[in-house]
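Trainee: Structure below; questions to follow.
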Amino acid sequence: SQIYRDGVVGDRPAAPTHAAGLEEAAESAMSRRAWAYVAGGAGEGRTMRNNREAFDRWAIVPRMLTGAADRDLSRTVLGTRLPAPFALAPVGAGQLVHRDADLVTARAAAATGIPYVFTNQGGTPLEETAAAMGATPHWMQLYWSTDEGLVDSLIGRAEAAGAKALVVTLDTTVLGWRPQDLDLGSLPFARGQGIGQYTSDEHFMGLVDERVAAAAKGEPAERPKVIPSAIRSLLSIARHHPGRLRDNLRTPRPRAAVETFLETYSNPRLSWDHIATLRDRTTLPVVLKGILHPDDARRALDLGVDGIVVSNHGGRQVDSSIASLDALVRVRDAVGPDATVLMDSGIRTGADVFVALALGADAVLLGRPYMYGMAVAGQRGVEEVIANVVAELDLTMALAGVADLASITRDVLVER
Ligand code: FNR
(Lines give C-alpha, C1' and ligand atoms only; values in the text may rest on other atoms or scores of the structure.)
Protein backbone atom coordinates (compact mmCIF):
# COMPACT_ATOMS: atom_id res chain seq x y z
CA SER A 1 0.00 0.00 0.00
CA GLN A 2 3.09 2.23 0.08
CA ILE A 3 2.41 3.05 -3.54
CA TYR A 4 -1.02 4.48 -2.74
CA ARG A 5 0.36 6.44 0.20
CA ASP A 6 2.99 7.89 -2.12
CA GLY A 7 0.23 8.76 -4.52
CA VAL A 8 -1.62 10.68 -1.85
CA VAL A 9 1.26 12.60 -0.36
CA GLY A 10 3.94 12.42 -3.05
CA ASP A 11 4.37 13.43 -6.66
CA ARG A 12 2.48 11.96 -9.52
CA PRO A 13 4.43 9.20 -11.23
CA ALA A 14 6.88 10.27 -13.95
CA ALA A 15 6.05 7.26 -16.13
CA PRO A 16 2.59 5.81 -16.81
CA THR A 17 1.71 2.96 -14.48
CA HIS A 18 -0.30 0.97 -17.02
CA ALA A 19 1.80 -1.18 -19.37
CA ALA A 20 0.10 0.01 -22.55
CA GLY A 21 0.33 3.65 -21.50
CA LEU A 22 4.00 3.22 -20.69
CA GLU A 23 4.62 1.77 -24.13
CA GLU A 24 2.79 4.64 -25.80
CA ALA A 25 4.68 7.26 -23.82
CA ALA A 26 7.95 5.52 -24.63
CA GLU A 27 7.20 5.54 -28.33
CA SER A 28 6.65 9.30 -28.24
CA ALA A 29 9.85 9.81 -26.26
CA MET A 30 12.06 7.65 -28.46
CA SER A 31 13.61 8.22 -31.86
CA ARG A 32 12.18 6.18 -34.71
CA ARG A 33 15.43 4.23 -34.81
CA ALA A 34 15.36 3.44 -31.09
CA TRP A 35 11.69 2.46 -31.13
CA ALA A 36 12.20 0.11 -34.08
CA TYR A 37 15.08 -1.61 -32.33
CA VAL A 38 13.68 -1.86 -28.81
CA ALA A 39 9.99 -2.48 -29.47
CA GLY A 40 10.48 -4.45 -32.67
CA GLY A 41 10.34 -8.20 -32.95
CA ALA A 42 11.04 -10.92 -35.44
CA GLY A 43 9.07 -11.22 -38.66
CA GLU A 44 5.37 -10.44 -38.39
CA GLY A 45 5.53 -10.11 -34.60
CA ARG A 46 3.71 -13.38 -33.96
CA THR A 47 6.06 -14.51 -31.22
CA MET A 48 5.64 -11.23 -29.37
CA ARG A 49 1.87 -11.64 -29.60
CA ASN A 50 2.09 -15.29 -28.54
CA ASN A 51 4.06 -14.23 -25.49
CA ARG A 52 1.28 -11.91 -24.36
CA GLU A 53 -1.65 -14.10 -25.39
CA ALA A 54 -0.24 -16.97 -23.35
CA PHE A 55 -0.85 -14.89 -20.22
CA ASP A 56 -4.46 -14.33 -21.28
CA ARG A 57 -5.07 -18.07 -21.12
CA TRP A 58 -4.49 -18.31 -17.37
CA ALA A 59 -6.62 -16.94 -14.58
CA ILE A 60 -5.86 -16.52 -10.90
CA VAL A 61 -8.37 -17.95 -8.44
CA PRO A 62 -8.07 -15.84 -5.29
CA ARG A 63 -8.56 -17.40 -1.86
CA MET A 64 -10.22 -15.43 0.93
CA LEU A 65 -9.55 -15.09 4.64
CA THR A 66 -6.06 -16.59 4.54
CA GLY A 67 -4.51 -13.82 6.61
CA ALA A 68 -1.85 -12.95 4.05
CA ALA A 69 -1.22 -9.58 5.66
CA ASP A 70 2.56 -9.96 5.98
CA ARG A 71 4.06 -11.07 2.75
CA ASP A 72 7.55 -12.19 1.81
CA LEU A 73 8.45 -11.60 -1.84
CA SER A 74 12.09 -12.58 -1.54
CA ARG A 75 13.84 -15.61 -2.94
CA THR A 76 17.43 -16.71 -3.36
CA VAL A 77 18.37 -17.95 -6.81
CA LEU A 78 21.83 -19.49 -7.33
CA GLY A 79 23.14 -17.70 -4.30
CA THR A 80 21.75 -14.32 -5.32
CA ARG A 81 19.10 -12.87 -3.05
CA LEU A 82 16.23 -11.31 -4.96
CA PRO A 83 14.06 -8.97 -2.83
CA ALA A 84 11.29 -9.70 -5.32
CA PRO A 85 11.31 -12.62 -7.76
CA PHE A 86 12.67 -10.79 -10.77
CA ALA A 87 15.79 -9.20 -12.18
CA LEU A 88 16.48 -6.81 -15.04
CA ALA A 89 17.19 -8.59 -18.33
CA PRO A 90 20.25 -7.89 -20.44
CA VAL A 91 19.40 -5.29 -23.09
CA GLY A 92 22.05 -4.43 -25.67
CA ALA A 93 22.59 -1.17 -27.56
CA GLY A 94 20.65 0.67 -24.87
CA GLN A 95 22.40 3.88 -25.92
CA LEU A 96 19.73 4.23 -28.54
CA VAL A 97 17.46 5.10 -25.62
CA HIS A 98 19.87 6.84 -23.27
CA ARG A 99 23.53 7.76 -23.69
CA ASP A 100 24.35 6.02 -20.41
CA ALA A 101 21.75 3.27 -20.55
CA ASP A 102 23.86 0.68 -18.74
CA LEU A 103 24.78 3.06 -15.93
CA VAL A 104 21.24 4.41 -15.61
CA THR A 105 19.94 0.84 -15.30
CA ALA A 106 22.64 -0.04 -12.77
CA ARG A 107 21.80 3.01 -10.65
CA ALA A 108 18.10 2.17 -10.69
CA ALA A 109 18.93 -1.43 -9.77
CA ALA A 110 21.12 -0.19 -6.93
CA ALA A 111 18.41 2.17 -5.68
CA THR A 112 15.77 -0.56 -5.63
CA GLY A 113 17.95 -3.55 -4.75
CA ILE A 114 16.77 -5.45 -7.82
CA PRO A 115 19.63 -7.42 -9.44
CA TYR A 116 20.63 -6.68 -13.03
CA VAL A 117 21.95 -9.01 -15.71
CA PHE A 118 24.51 -6.96 -17.64
CA THR A 119 24.37 -7.26 -21.39
CA ASN A 120 27.37 -8.38 -23.34
CA GLN A 121 26.50 -5.60 -25.83
CA GLY A 122 26.85 -2.77 -23.37
CA GLY A 123 27.96 0.69 -24.31
CA THR A 124 29.76 1.00 -20.97
CA PRO A 125 32.55 -1.32 -19.82
CA LEU A 126 31.14 -3.87 -17.37
CA GLU A 127 33.63 -2.75 -14.70
CA GLU A 128 32.04 0.71 -14.63
CA THR A 129 28.53 -0.66 -14.66
CA ALA A 130 29.48 -3.00 -11.79
CA ALA A 131 30.81 -0.04 -9.79
CA ALA A 132 27.42 1.70 -10.16
CA MET A 133 25.61 -1.30 -8.64
CA GLY A 134 26.66 -0.58 -5.07
CA ALA A 135 25.76 -3.57 -2.90
CA THR A 136 23.14 -4.90 -5.32
CA PRO A 137 24.29 -8.08 -7.08
CA HIS A 138 24.67 -8.45 -10.81
CA TRP A 139 25.05 -11.30 -13.28
CA MET A 140 26.87 -11.16 -16.60
CA GLN A 141 25.39 -12.20 -19.93
CA LEU A 142 27.68 -13.62 -22.59
CA TYR A 143 27.32 -14.06 -26.31
CA TRP A 144 29.74 -16.78 -27.32
CA SER A 145 32.33 -15.26 -29.60
CA THR A 146 33.91 -16.97 -32.60
CA ASP A 147 37.17 -16.11 -30.83
CA GLU A 148 37.67 -18.37 -27.80
CA GLY A 149 40.21 -15.97 -26.35
CA LEU A 150 37.54 -13.29 -26.23
CA VAL A 151 35.17 -15.69 -24.44
CA ASP A 152 37.80 -16.23 -21.73
CA SER A 153 38.58 -12.54 -21.57
CA LEU A 154 34.94 -11.56 -20.99
CA ILE A 155 34.48 -14.33 -18.41
CA GLY A 156 37.62 -13.19 -16.59
CA ARG A 157 36.47 -9.59 -16.57
CA ALA A 158 33.02 -10.58 -15.31
CA GLU A 159 34.55 -12.62 -12.47
CA ALA A 160 36.94 -9.83 -11.51
CA ALA A 161 34.08 -7.30 -11.49
CA GLY A 162 32.10 -9.43 -9.05
CA ALA A 163 29.40 -10.99 -11.23
CA LYS A 164 27.46 -13.63 -9.28
CA ALA A 165 26.55 -15.78 -12.29
CA LEU A 166 27.29 -16.15 -15.98
CA VAL A 167 24.30 -16.17 -18.32
CA VAL A 168 25.11 -17.60 -21.75
CA THR A 169 22.54 -16.61 -24.34
CA LEU A 170 22.00 -19.42 -26.84
CA ASP A 171 19.29 -18.03 -29.09
CA THR A 172 21.30 -15.35 -30.89
CA THR A 173 24.02 -17.21 -32.74
CA VAL A 174 22.78 -15.11 -35.65
CA LEU A 175 20.47 -12.13 -35.48
CA GLY A 176 16.78 -12.77 -36.21
CA TRP A 177 14.83 -11.39 -39.16
CA ARG A 178 13.73 -7.97 -37.90
CA PRO A 179 11.84 -6.01 -40.53
CA GLN A 180 11.59 -2.80 -38.48
CA ASP A 181 15.36 -2.59 -38.25
CA LEU A 182 15.92 -3.71 -41.82
CA ASP A 183 13.61 -1.00 -43.13
CA LEU A 184 15.72 1.62 -41.44
CA GLY A 185 18.94 0.35 -42.96
CA SER A 186 21.89 -0.48 -40.78
CA LEU A 187 21.62 -2.17 -37.42
CA PRO A 188 22.58 -0.26 -34.29
CA PHE A 189 25.69 -2.41 -33.94
CA ALA A 190 26.81 -1.60 -37.46
CA ARG A 191 26.97 2.00 -36.26
CA GLY A 192 28.96 1.09 -33.21
CA GLN A 193 26.13 1.25 -30.69
CA GLY A 194 26.44 -1.41 -28.02
CA ILE A 195 30.07 -2.24 -28.63
CA GLY A 196 31.65 -0.18 -25.85
CA GLN A 197 31.98 -3.37 -23.85
CA TYR A 198 34.17 -4.83 -26.58
CA THR A 199 36.29 -1.79 -27.31
CA SER A 200 37.20 -1.74 -23.63
CA ASP A 201 38.40 -5.34 -23.89
CA GLU A 202 42.12 -5.82 -24.38
CA HIS A 203 41.77 -9.12 -26.14
CA PHE A 204 39.17 -7.72 -28.51
CA MET A 205 41.26 -4.67 -29.35
CA GLY A 206 44.15 -7.04 -30.02
CA LEU A 207 42.07 -8.62 -32.75
CA VAL A 208 41.37 -5.21 -34.24
CA ASP A 209 44.99 -4.17 -34.15
CA GLU A 210 46.04 -7.33 -35.95
CA ARG A 211 43.67 -6.53 -38.75
CA VAL A 212 44.76 -2.95 -38.98
CA ALA A 213 48.40 -4.03 -38.98
CA ALA A 214 47.74 -6.59 -41.70
CA ALA A 215 45.91 -4.02 -43.79
CA ALA A 216 48.78 -1.57 -43.34
CA LYS A 217 51.19 -4.15 -44.66
CA GLY A 218 48.91 -4.69 -47.62
CA GLU A 219 48.22 -8.27 -46.54
CA PRO A 220 44.66 -9.46 -46.47
CA ALA A 221 43.78 -9.76 -42.79
CA GLU A 222 42.65 -13.22 -41.87
CA ARG A 223 38.91 -13.15 -42.15
CA PRO A 224 36.68 -15.34 -40.03
CA LYS A 225 35.18 -18.12 -42.10
CA VAL A 226 31.64 -17.31 -41.10
CA ILE A 227 29.90 -14.12 -42.16
CA PRO A 228 27.06 -13.52 -39.73
CA SER A 229 23.94 -14.26 -41.66
CA ALA A 230 22.37 -10.99 -40.51
CA ILE A 231 24.98 -9.24 -42.59
CA ARG A 232 24.30 -11.62 -45.42
CA SER A 233 20.60 -10.75 -45.22
CA LEU A 234 21.38 -7.06 -45.28
CA LEU A 235 23.54 -7.55 -48.34
CA SER A 236 20.82 -9.56 -50.01
CA ILE A 237 18.27 -6.85 -49.30
CA ALA A 238 20.68 -4.30 -50.64
CA ARG A 239 20.90 -6.30 -53.87
CA HIS A 240 17.17 -6.75 -54.28
CA HIS A 241 16.00 -3.41 -52.91
CA PRO A 242 18.90 -1.14 -53.72
CA GLY A 243 17.02 2.00 -52.68
CA ARG A 244 16.40 0.83 -49.17
CA LEU A 245 19.92 0.27 -48.06
CA ARG A 246 21.61 2.76 -50.35
CA ASP A 247 22.48 5.10 -47.51
CA ASN A 248 23.89 2.29 -45.51
CA LEU A 249 26.13 1.16 -48.30
CA ARG A 250 27.24 4.68 -49.14
CA THR A 251 28.60 5.26 -45.67
CA PRO A 252 32.35 4.79 -45.52
CA ARG A 253 33.65 1.42 -44.36
CA PRO A 254 32.83 1.20 -40.68
CA ARG A 255 35.72 1.39 -38.31
CA ALA A 256 37.77 -1.75 -37.95
CA ALA A 257 36.42 -2.28 -34.44
CA VAL A 258 32.82 -2.38 -35.61
CA GLU A 259 33.65 -4.81 -38.39
CA THR A 260 35.61 -7.04 -36.07
CA PHE A 261 32.73 -6.90 -33.61
CA LEU A 262 30.21 -7.97 -36.24
CA GLU A 263 32.43 -10.86 -37.22
CA THR A 264 33.29 -12.10 -33.75
CA TYR A 265 30.50 -11.32 -31.31
CA SER A 266 28.52 -14.51 -31.77
CA ASN A 267 29.27 -18.00 -33.01
CA PRO A 268 26.79 -19.62 -35.43
CA ARG A 269 28.51 -22.96 -34.75
CA LEU A 270 27.92 -22.84 -30.99
CA SER A 271 27.27 -26.38 -29.74
CA TRP A 272 26.84 -28.40 -26.55
CA ASP A 273 30.58 -29.13 -26.71
CA HIS A 274 31.32 -25.44 -26.21
CA ILE A 275 29.00 -25.31 -23.22
CA ALA A 276 30.69 -28.38 -21.72
CA THR A 277 33.99 -26.46 -21.58
CA LEU A 278 32.51 -23.84 -19.25
CA ARG A 279 32.97 -25.88 -16.09
CA ASP A 280 36.73 -25.52 -16.47
CA ARG A 281 36.59 -21.89 -17.51
CA THR A 282 34.64 -20.29 -14.70
CA THR A 283 33.89 -20.72 -11.03
CA LEU A 284 30.59 -18.86 -11.42
CA PRO A 285 27.20 -20.55 -11.60
CA VAL A 286 26.31 -20.99 -15.28
CA VAL A 287 22.84 -20.21 -16.62
CA LEU A 288 21.74 -20.93 -20.19
CA LYS A 289 19.31 -18.38 -21.60
CA GLY A 290 17.01 -19.04 -24.53
CA ILE A 291 15.88 -22.62 -23.80
CA LEU A 292 12.41 -23.48 -25.18
CA HIS A 293 12.40 -27.26 -25.66
CA PRO A 294 12.12 -29.62 -22.66
CA ASP A 295 14.84 -31.87 -24.12
CA ASP A 296 17.26 -28.94 -24.30
CA ALA A 297 16.44 -28.09 -20.71
CA ARG A 298 17.18 -31.64 -19.60
CA ARG A 299 20.36 -31.79 -21.59
CA ALA A 300 21.58 -28.53 -20.10
CA LEU A 301 21.01 -29.77 -16.57
CA ASP A 302 22.57 -33.16 -17.35
CA LEU A 303 25.65 -31.26 -18.47
CA GLY A 304 25.88 -29.72 -15.02
CA VAL A 305 24.56 -26.28 -15.90
CA ASP A 306 23.23 -24.52 -12.78
CA GLY A 307 20.10 -22.99 -14.22
CA ILE A 308 18.21 -22.07 -17.37
CA VAL A 309 16.17 -19.14 -18.59
CA VAL A 310 13.16 -20.14 -20.64
CA SER A 311 13.04 -17.32 -23.18
CA ASN A 312 12.40 -16.52 -26.80
CA HIS A 313 14.37 -13.29 -26.51
CA GLY A 314 11.23 -11.21 -26.25
CA GLY A 315 10.05 -12.49 -29.63
CA ARG A 316 13.02 -10.95 -31.42
CA GLN A 317 14.59 -14.07 -32.92
CA VAL A 318 12.17 -16.65 -34.37
CA ASP A 319 8.78 -15.50 -35.62
CA SER A 320 5.92 -17.92 -34.89
CA SER A 321 7.83 -19.31 -31.93
CA ILE A 322 6.17 -20.99 -28.97
CA ALA A 323 5.21 -18.50 -26.28
CA SER A 324 7.76 -18.43 -23.52
CA LEU A 325 5.07 -19.06 -20.89
CA ASP A 326 3.87 -22.16 -22.76
CA ALA A 327 7.45 -23.38 -23.02
CA LEU A 328 7.89 -22.79 -19.28
CA VAL A 329 5.09 -25.23 -18.44
CA ARG A 330 6.62 -27.96 -20.60
CA VAL A 331 10.14 -27.31 -19.34
CA ARG A 332 9.16 -27.35 -15.66
CA ASP A 333 7.30 -30.62 -16.19
CA ALA A 334 10.41 -32.08 -17.79
CA VAL A 335 13.01 -31.00 -15.26
CA GLY A 336 11.11 -31.48 -12.02
CA PRO A 337 10.66 -29.14 -9.08
CA ASP A 338 14.27 -28.76 -7.97
CA ALA A 339 15.96 -27.39 -11.07
CA THR A 340 16.54 -23.63 -11.25
CA VAL A 341 14.30 -22.28 -14.00
CA LEU A 342 13.91 -18.61 -14.80
CA MET A 343 11.67 -17.22 -17.49
CA ASP A 344 11.33 -14.07 -19.57
CA SER A 345 9.56 -12.70 -22.66
CA GLY A 346 6.23 -10.98 -22.30
CA ILE A 347 6.29 -10.10 -18.59
CA ARG A 348 4.66 -6.68 -18.25
CA THR A 349 3.04 -6.55 -14.81
CA GLY A 350 3.15 -7.88 -11.29
CA ALA A 351 0.22 -10.15 -12.10
CA ASP A 352 2.28 -11.60 -14.97
CA VAL A 353 5.08 -12.38 -12.53
CA PHE A 354 2.55 -14.14 -10.29
CA VAL A 355 1.29 -16.30 -13.18
CA ALA A 356 4.82 -17.16 -14.34
CA LEU A 357 5.75 -18.24 -10.82
CA ALA A 358 2.60 -20.32 -10.55
CA LEU A 359 3.56 -22.07 -13.79
CA GLY A 360 6.98 -23.00 -12.50
CA ALA A 361 9.38 -20.05 -12.78
CA ASP A 362 11.65 -19.50 -9.79
CA ALA A 363 11.99 -15.91 -10.94
CA VAL A 364 11.59 -13.88 -14.13
CA LEU A 365 13.49 -11.25 -16.09
CA LEU A 366 12.02 -7.97 -17.16
CA GLY A 367 13.12 -6.64 -20.57
CA ARG A 368 11.44 -3.89 -22.56
CA PRO A 369 9.35 -2.34 -19.76
CA TYR A 370 12.33 -0.91 -17.93
CA MET A 371 13.77 0.44 -21.18
CA TYR A 372 10.42 2.16 -21.75
CA GLY A 373 10.62 3.64 -18.27
CA MET A 374 14.10 4.90 -19.10
CA ALA A 375 12.89 6.46 -22.35
CA VAL A 376 10.14 8.33 -20.53
CA ALA A 377 11.90 9.42 -17.34
CA GLY A 378 15.51 8.20 -17.19
CA GLN A 379 16.64 6.55 -13.97
CA ARG A 380 13.46 7.59 -12.17
CA GLY A 381 11.43 5.91 -14.90
CA VAL A 382 13.33 2.64 -14.48
CA GLU A 383 12.86 2.81 -10.70
CA GLU A 384 9.14 3.42 -11.09
CA VAL A 385 8.70 0.48 -13.46
CA ILE A 386 10.50 -1.74 -10.95
CA ALA A 387 8.47 -0.38 -8.02
CA ASN A 388 5.21 -0.86 -9.91
CA VAL A 389 5.93 -4.50 -10.68
CA VAL A 390 6.89 -5.16 -7.05
CA ALA A 391 3.81 -3.33 -5.74
CA GLU A 392 1.38 -5.07 -8.08
CA LEU A 393 2.86 -8.48 -7.32
CA ASP A 394 2.59 -7.72 -3.61
CA LEU A 395 -1.05 -6.62 -3.91
CA THR A 396 -1.88 -9.61 -6.11
CA MET A 397 -0.46 -11.93 -3.46
CA ALA A 398 -2.41 -10.15 -0.72
CA LEU A 399 -5.67 -10.35 -2.65
CA ALA A 400 -5.11 -13.90 -3.88
CA GLY A 401 -4.40 -14.98 -0.32
CA VAL A 402 -0.78 -16.08 -0.55
CA ALA A 403 1.83 -14.88 1.91
CA ASP A 404 5.00 -16.17 0.26
CA LEU A 405 6.37 -17.22 -3.11
CA ALA A 406 6.36 -20.93 -2.26
CA SER A 407 2.57 -20.74 -1.99
CA ILE A 408 2.26 -19.53 -5.59
CA THR A 409 1.70 -22.94 -7.17
CA ARG A 410 -0.30 -24.16 -10.12
CA ASP A 411 -3.25 -24.65 -7.78
CA VAL A 412 -3.80 -20.89 -7.70
CA LEU A 413 -4.58 -20.85 -11.44
CA VAL A 414 -7.15 -22.23 -13.82
CA GLU A 415 -6.77 -22.47 -17.56
CA ARG A 416 -9.41 -20.36 -19.26
C1 FNR B 1 17.26 -7.85 -25.68
N2 FNR B 1 17.59 -9.12 -25.18
C3 FNR B 1 18.92 -9.44 -25.02
N4 FNR B 1 19.25 -10.65 -24.48
C5 FNR B 1 20.55 -10.98 -24.27
O6 FNR B 1 20.82 -12.06 -23.79
N7 FNR B 1 21.53 -10.09 -24.60
C8 FNR B 1 21.29 -8.88 -25.16
O9 FNR B 1 22.20 -8.10 -25.43
C10 FNR B 1 19.93 -8.55 -25.41
N11 FNR B 1 19.60 -7.37 -26.00
C12 FNR B 1 18.28 -6.99 -26.11
C13 FNR B 1 17.98 -5.74 -26.62
C14 FNR B 1 16.64 -5.30 -26.65
C15 FNR B 1 16.33 -3.95 -27.17
C16 FNR B 1 15.61 -6.15 -26.17
C17 FNR B 1 14.18 -5.70 -26.15
C18 FNR B 1 15.93 -7.41 -25.71
C19 FNR B 1 16.54 -10.02 -24.70
C20 FNR B 1 16.20 -9.74 -23.25
O21 FNR B 1 17.25 -10.11 -22.40
C22 FNR B 1 14.95 -10.50 -22.79
O23 FNR B 1 15.09 -11.86 -23.12
C24 FNR B 1 13.67 -9.97 -23.42
O25 FNR B 1 13.70 -8.57 -23.54
C26 FNR B 1 12.48 -10.39 -22.60
O27 FNR B 1 11.30 -10.06 -23.22
P28 FNR B 1 10.43 -8.74 -22.90
O29 FNR B 1 10.40 -8.58 -21.40
O30 FNR B 1 11.14 -7.61 -23.59
O31 FNR B 1 9.14 -9.08 -23.50
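The values are calculated or read from the model by the stated rules, or taken from the named source; none is laboratory data. These figures come from a predicted structure and were not determined experimentally. Cβ sites come from the backbone with ideal geometry, for glycine too, and all protein chains shown count toward neighbours. Each accessible area value is taken on the protein alone, full model and side chains, heavy atoms only, with ligands, DNA and RNA left out. Shrake-Rupley method; radii C 1.70, N 1.55, O 1.52, S 1.80 Å.
Trainee: Does anyone have the angle between helix 101-112 and the longest principal axis of the chain? Alpha-carbon axes, 0 to 90°, nearest 10?
Mentor: Between helix and principal axis, roughly 20 degrees.
Trainee: Follow-up. Efficiency by 1/(1 + (r/R0)^6): what FRET value for Glu127 and Arg269, r their Cβ-Cβ distance, R0 = 30 Å, to the nearest 0.05?
Mentor: 0.50
Trainee: Using modelled backbone amide H atoms (1.01 Å from N, in-plane), which distant-in-sequence or interchain residues come within less than 5 Å of Val77's amide H?
Mentor: Leu82
Trainee: Another question about this same structure. With each label point set 7 Å from Cα along the Cα-Cβ vector, what nm distance links Ala406 and Asp280?
Mentor: Computed distance between label sites Ala406 and Asp280 equals 4.0 nm.
Trainee: Can you tell me the order of 280-291, 321-332 when each peptide is scored by its average per-residue count of other Cβ atoms within 10 angstrom, highest first? Could the numbers behind the result be given before it?
Mentor: Details: 280-291: 19.8, 321-332: 23.0.
Per-residue Cβ counts within 10 Å, averaged per peptide and sorted highest first, yield 321-332, 280-291.
Trainee: For Ser320 and Asp295, what does the FRET efficiency come to when R0 = 30 Å and r is the distance between their Cβ atoms, rounded to the nearest 0.05?
Mentor: Plugging the Cβ-Cβ distance into 1/(1 + (r/R0)^6) gives 0.90.
Trainee: Suppose each label sits 7 Å from its Cα in the direction of the beta carbon; what would the Met205-Leu303 distance come out to in nanometres?
Mentor: With each label point 7 Å from Cα toward Cβ, the separation is 3.2 nm.
Trainee: Still on this model: Expressed as a whole number of Å, what is the distance separating the alpha-carbon centroids of segment 314-389 and segment 33-88?
Mentor: First find each Cα centre; the distance between them is then 4 Å.
Trainee: Between helix 19-29 and the chain, what is the angle of the helix's C-alpha long axis to the longest principal axis, kept within 0 to 90° and rounded to the nearest 10?
Mentor: Helix 19-29 sits roughly 40 degrees off the main axis of the chain.
Trainee: Answer rounded, prolate or oblate for segment 294-416, using the Cα gyration tensor with square roots of eigenvalues a ≥ b ≥ c: rounded when a/c is under 1.5, else prolate when a/b is larger than b/c, else oblate.
Mentor: Details: a/c = 1.93, a/b = 1.26, b/c = 1.54.
Oblate shape, in that a/c is at least 1.5 and b/c is the bigger or equal ratio.
Trainee: Summing +1 for each Lys or Arg and -1 for each Asp or Glu, what net charge is found among the other residues whose Cβ lies under 13 Å from the Cβ of Asp394?
Mentor: Values: positive: Arg71; negative: Asp70, Asp72, Glu392, Asp404.
Counting the neighbours of Asp394, the net charge comes to -3.
Trainee: Keeping every protein chain present and rolling a 1.4 Å probe, give me the accessible area per residue for the chain in Å².
Mentor: Ligands and nucleic acids excluded, the result is 44 Å² per residue.
Trainee: Follow-up. If you look at just the Cα atoms of segment 84-160, how large are its Rg and its Dmax in Å?
Mentor: My reading of the Cα-based Rg and Dmax gives 12.2, 37 Å.
Trainee: Where Rh is the Kirkwood radius over the Cα pairs of the chain, the temperature 20 °C and the viscosity 1.002 mPa s, what D in µm²/s does Stokes-Einstein return?
Mentor: Estimated via Stokes-Einstein, D reaches 97 µm²/s.
Trainee: What distance in nm separates the simple spin-label points at Ala214 and Arg63, each placed 7 Å from Cα in the Cβ direction?
Mentor: 6.4 nm
Trainee: Follow-up. I'd like to compare 337-349, 399-411, 42-54: which one has the highest average count of other Cβ atoms within 10 Å, and what's the full order after that?
Mentor: Packing order, densest peptide first, comes out as 337-349, 42-54, 399-411.
Trainee: Something else about it: Calculate how many DSSP beta bridges within the chain are antiparallel, expressed in % of all such bridges and rounded to the nearest 5.
Mentor: Details: 6 of 31 bridges.
Here the share of antiparallel DSSP bridges comes out near 20 percent.
Trainee: Here's another thing I want to ask about it. Calculate, for Ala160 and Arg71, the FRET efficiency according to 1/(1 + (r/R0)^6) with r their C-beta to C-beta distance and R0 35 Å; round to the nearest 0.05. Walk me through the numbers on the way to the answer.
Mentor: On the way: r = 37 Å, r/R0 = 1.07.
Working from the Cβ atoms, E equals 0.40.
Trainee: Right, something else. Let me know the shape class of segment 1-98, please: from the alpha-carbon gyration tensor, a ≥ b ≥ c as square roots of the eigenvalues, rounded when a/c is under 1.5, otherwise prolate if a/b is greater than b/c, or oblate.
Mentor: Values: a/c = 1.70, a/b = 1.44, b/c = 1.19.
It comes out prolate by the Cα gyration axes.
Trainee: What's the extension gain from Ala334 to His18 if we count 0.36 nm per residue and subtract their Cα-Cα distance?
Mentor: 110.3 nm
Trainee: How far is helix 368-400 tilted, in degrees, relative to the longest principal axis of the Cα atoms in the chain, given as a value from 0 to 90 rounded to the nearest 10?
Mentor: The angle comes out at about 30 degrees.
Trainee: Can you compute the helix-only [θ] at 222 nm over the chain? Use -39500 (n - 2.57) per DSSP H run of at least 4 residues, normalise by all residues, nearest 500 deg cm²/dmol.
Mentor: Taking each H run of at least 4 residues, the total per residue is -13500 deg cm²/dmol.
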